[in-house]
Amino acid sequence: MRQNDQVKILLVEDDRSIAESVVDGLTAEGHEVAHAATGAAALAAEGYDMVLLDLGLPDMDGRDVCRQIRQRSSAPIIMLTARTEEFDRVLGLELGADDYVTKPFSFRELAARIRAVGRRTVEQLADSPSADDSNLPQEVGPMLLDRRTRRMHLNGLETQLTAKEFDLLAFLATDIGAVRTRTEILENVWDAHWYGPTKTVDAHVASLRKKLGHSDWIQAVRGVGFRLEPPA
């Protein structure tokens, strides 16, 4: 990821009108945008910093494209989806997406998501690897969280997390048992000037719970937020 707000973006979208609008808008903001109308074209593309991925592609399921991109690249992936069910959003996050935008979306929201994901990625690269004592592995019950290497082990076995899942888990783990509001989580894990629904947090929490194997790891406090505690 480049050290400024301009990134090379791969837009994977088969709807020509949506693609043209997004390309024009992002180009006007100074980004370099490559467009792929199919999953095959997306998988053949190279040299991008970030991917905007529509899930409804004509030749293959966008989730399969997401999985294959993640296997070969660490570039952030933002899903563009008309699927509103939590299951679909969570599945996309589990496959390696960093965020999602639900159609129909405003260009303002999309641009804000791109800036937020881009800044967070740059910060991660700047912070790693660090030898600071605050980044020593943290034990939380049977979980070992290593911020320096960005790895999480559960019961001695490494669990694969997306970048955003790791950031969310690491933030909740800074104060075990403390309740973090959705606003706090968005400001610290996403961006201080986040523009978008707080349900983004809920989708990532649901994905993390599944990977942790027990919903009690991350407990919801109605009307407030979430807290991290090892299951009893």
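Nothing in this text is a laboratory measurement; each read-out follows from the coordinates by a stated rule. The structure displayed is predicted, hence computed values, not measured ones. Note that each Cβ is placed from the backbone with ideal geometry, even for glycine, and that neighbours are counted across all protein chains shown.
Here are some notes:
- Label-point separation in nm, SER215 to HIS153, each point 7 Å along Cα→Cβ: 3.0
- DSSP finds beta bridges in segment 8-127, and of those with both partners inside it, around 5 percent are antiparallel.
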